[in-house]
Amino acid sequence: MRLKHKLAAAVLLTGWASSPALQAQAPKKPNAADIRLALEKLNVVGSVLYLAAHPDDENTRLIAYLANERKLRTGYLSLTRGDGGQNLIGPEIREELGVIRTQELLQARRLDGGEQFFTRANDFGFSKDPAETFTIWNREQVLADAVWVIRKFQPDVIITRFSPQPSGTHGHHTASAMIALEAFEAAADPKRFPEQLKTVTPWQAKRLLWNTSSFFYAQNQQFDASDKLKLDVGTYNTLLGKSYNEIAAESRSMHKSQGFGSSGTRGEAIEYFEFLKGAPAKADLLEGVTTTWNRVPGSQPVAKLLQQALGSYDPSNPSGVVPTLLKAHTVLDKMPASPWKTVKQQELQQVIKACLGLYLEVSSTKEYAAAPGQMLQLQLEAVNRSAVPVSLSKIEYLFAARDTSVQQALEKNRPLFIKTQLPIPASTSYSAPYWLREQGTTGMFTVKDQLLIGLPENPAAAQVKVQILVQGQPLSFVLPVIYKRTDPVEGEQYRPFEIAPPVFVNLTEKVYMFADTQPKPVTVRVRAGQDQLEGQVQLQLPKGWRSEPASTSFKLTQKGEDQLFTFLVYPSEAQTESTLSATATMAGKTYNQSLKTISYAHLPTQTLFPPAEAKAVKLDLKRKGQRIGYLMGAGDEVPSSLLQIGYQVEQLQVGNLSPAALKKYDAVVVGVRAYNTLERLRFQQPQLLEYVRDGGTLVVQYNVNNGLVTQALGPFPLKLSSDRVTVEDAEVRFLKPDHPVLNSPNKITPQDFKGWVQERGLYFPGQWAPEYETIISTNDPGEPARESSLLVAKYGKGHFVYTGLSFFRELPAGVPGAYRLFVNLLSLGQ
């Protein structure tokens, strides 16, 4: 346990070459320009922390400038992981989306040179004001986490993306700035969160600034730049061959799940800063802050050596400065303990490693982790690509508490491979994102280990410490165990090594909807996490439910092999909402973990082991029609939800939407944000409307009001706005209680709007033609009624529906009333 704490604490002190963003992918191989920049950074002793609410809130241009031009240690503290956003690249939402957006931030930092941190705050969805935000977040916990990161990172300057004054922006945004204001002072106060002082010390940043612009001012307000601190961050970096505008575009384009692809620009780029707290500055962000080694007592000898190394650096022979860097390492090691000593020791070791062309890697032969208690086969690769004498002296397998002496010289450009086999200790926990291990609340994740708080991801599941001698001087590097393979198309592919259970049980659906008392098949996929498994698989069902069979046997001989088992599940007669789960029992031990892999080309593969459970709903549901055509937009799980209640769903292609092709469907549904993501819809929309005119029913789900491929979303004019209702249990009033949408085939009552998740809906039309009927009215507290969340129009012989109601969240969450209402929409005209 002590070792894990040391490693977790160290992650907050890592530099450019040992960022946790690298543990899950190919190691960075610094070139001569990277080494030059790192040498320059060794001579700079200063730091800045940027603070905002979500992934993609950060100013990547400013971060790139501060980290690469000013050579400052630059961090981004995002209060949340963006779990409540939408997903443009796939069906993952909530916690799984949070995992994706965490990795997108780490990829962004890998490009712009920053470091990444988080609090325990959960992005519960859009919030219209900070007061609402703080009723859901635990304000004191979020503040404690911000203070913790500040005390660990010790920034000279803190910069917020947003103003602490409520201004109509996202409530999380304003809340993040309010937290920054409090944390600026609380971090320096030993009476605030004194329990943290076992590990950290109070820290007072020099100043707190708001990174403002004209964007934050209303149209009727004048942006006055005369009293703002100004900084041109559009500089061109000759070593990198890019401007910070261009680097920022690459970094920001990592936020692919949010559709933030950006084009690089060149030339002057002025950033503006408004003073909030601390010492005012007139000319520069770090005015009054010493950013040289002069701020560290007794550092003159090491500063002189580092300057000497920088001055004599030859990009054609980086190893030439290694003797000087080794002297600096010896001097630095003898200096009194201080945070900057720790940071620069890590940076210096990585620069020495880069100058040597020293490649160190520990890989596993397994695709994903061996189970606790199983043998793990590892290979260490070590190669010294310089003429400087380097030898391998010791290898410590930290995860297994084993070590071995080596005493092996690393001859120039002669790779050394050392293979070993070690058991994973039986007490080792399964890998899981640390913030998802415990049950949290709507607003907060539960993290019991203080030293994990703030980290972007888990420390590597298995780590190996490699000790070397460089010209007789000892250095050590802690390496993550990784898995890599060669793909015939993509080449060398890396992924994290993780500790997994021996067997996985996956339910094929997240929700099982029973519209009547008839039994429904529930399929369980049992997959082997190791060789030679046998046992029993069964379902854990709600009270009053039963399955045939009650359990069944499985036998799997090879890791990765799987079998499907189908149970016929009989629901209770009463309408209920509950949970069913799958378990596998082997040798008297029960396992209930499923296997979830998140794989996108721009991210390291993420493997999760969530509980094998699904929502089980017995509901009173009638439906008309059978065959549904579904045109997928940005990606959602509505089609599988419709399959659950007995519809035959066929996925449509945007290039084949002729009325003749659509005529066979009882209704056609357009997926979320289709008019933002499917370019050809600007040409195919007339054919969809012709299908309606000829008697079809078309249901169009929400789109955002910017970036539409066509303004003609319906048969009659309508214009989208940013109006939304974020309170999921906001009152719903029936404007046309006799309308078929509220009566056929299911009688909709206020009860059907209970139990909704995250929100009522979003991006409602702000203007619409009189041909559209408004069916319901709802609003957030203190706001006017919103009557356009559900618009229905007759067009020719058919029906057109536009709805901003969040069916894409409610159906996968198994909300009974949402199913009943959506079926009524599909049944129009039947």
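None of the figures in this text is laboratory data; all of them are computed from the coordinates on show. Given the structure is predicted, the values throughout are model-derived calculations rather than measurements. Ideal geometry is used to build each Cβ from the backbone, glycine not excepted, and the neighbour counts take in all protein chains shown.
Pairs of Cα atoms under 8 Å, at least six residues apart: use those to get the relative contact order of the range 753-830, whole percent.
Rounded, it is 30 percent for the range 753-830.
Counting only DSSP beta bridges with both residues in the range 627-826, the antiparallel share comes to about 55 percent. Overall shape of the range 480-531 was characterised from the C-alpha gyration tensor. The equivalent ellipsoid obtained from it has semi-axes of 36, 15, 10 Å, in decreasing order.
Highest first, please rank the peptides 146-152, 733-739, 774-780 by the mean number of other Cβ atoms sitting within 10 Å of their residues.
Going from most to least packed, we get 146-152, 774-780, 733-739.
Placing one equal scatterer on every Cα of the range 175-270 and applying the Debye formula, the log10 ratio I(q)/I(0) at q = 0.14, 0.17, 0.22 Å⁻¹ is -0.88, -1.02, -1.09.
Between Gln767 and Asp232, the FRET efficiency from the beta-carbon distance, with R0 = 45 Å, is close to 0.60. In the range 46-291, the alpha-carbon atoms span a convex hull of 131 Å³ per residue.
All alpha carbon pair distances within the range 114-158 were sorted into 5 Å bins beginning at 0; the resulting P(r) in whole percents reads 5, 19, 25, 20, 16, 13, 2.
Pairwise Cα separations in the range 627-826 fall into 5 Å bins from 0 onward with the following percentages, short to long: 1, 8, 17, 22, 22, 18, 9, 3, 0, 0. Note that the range 64-150, at 25 °C in a medium of 0.890 mPa s, gets a Stokes-Einstein diffusion coefficient of 172 µm²/s from its Kirkwood radius over C-alpha pairs.
Stretching the chain fully between Ala574 and Tyr217 yields a gain of 123.0 nm (0.36 nm per residue, less the alpha carbon separation). Work out the charge dipole of the chain with +1 on the Cβ of Lys and Arg and -1 on the Cβ of Asp and Glu about the Cα centre, then indicate which of Gly655, Ser581, Pro770 is farthest towards its positive end. In the chain, that residue is Ser581. Among the trypsin sites (Lys or Arg not before Pro) in the range 405-464, those placed in a DSSP loop whose Cβ has at most 14 other Cβ atoms within 10 Å are Lys448. Sorted from greatest to least, the principal axis extents spanned by the alpha carbons of the chain come out as 85, 72, 52 Å. For the range 552-646, the set of GluC sites (Glu not before Pro) satisfying both a DSSP loop assignment and a count of at most 11 other C-beta atoms within 10 Å is given as Glu573. One way to sum up the overall shape of the range 743-784 is the equivalent ellipsoid from its Cα gyration tensor, whose semi-axes run 20, 18, 9 Å, largest first. For the peptides 248-261, 684-697, residues were scored by their other Cβ atoms within 10 Å and the scores averaged per peptide; the highest-first order is 248-261, 684-697. Computed from the alpha carbon atoms alone, the convex hull of the range 30-184 holds 113 Å³ per residue. Between Ala587 and Ala409, the FRET efficiency estimated from the beta carbon spacing at R0 = 56 angstrom works out to 0.75.
For the chain, the share of DSSP beta bridges that are antiparallel, to the nearest 5, is 75%.
Relative contact order for the range 547-649: what percent, with Cα pairs under 8 Å and sequence separation of 6 or more?
21
Axis angle, to the nearest 10 degrees, between helix 339-356 and the longest C-alpha principal axis of the chain: 80 degrees. For the range 503-618, the C-alpha radius of gyration sits at 1.13 times the compact-globule guess of 2.2 N^0.38 Å, with N the residue count. Treating the range 724-830 as a set of equal point scatterers at the Cα positions, no solvent, please give the Debye-formula log₁₀ I(q)/I(0) at q = 0.10 Å⁻¹. The Debye formula, applied to the Cα set alone, gives -0.25.
Take every pair of alpha-carbon atoms less than 8 Å apart whose residues are at least six positions apart; their mean separation over the length of the chain yields a relative contact order of 10 percent.
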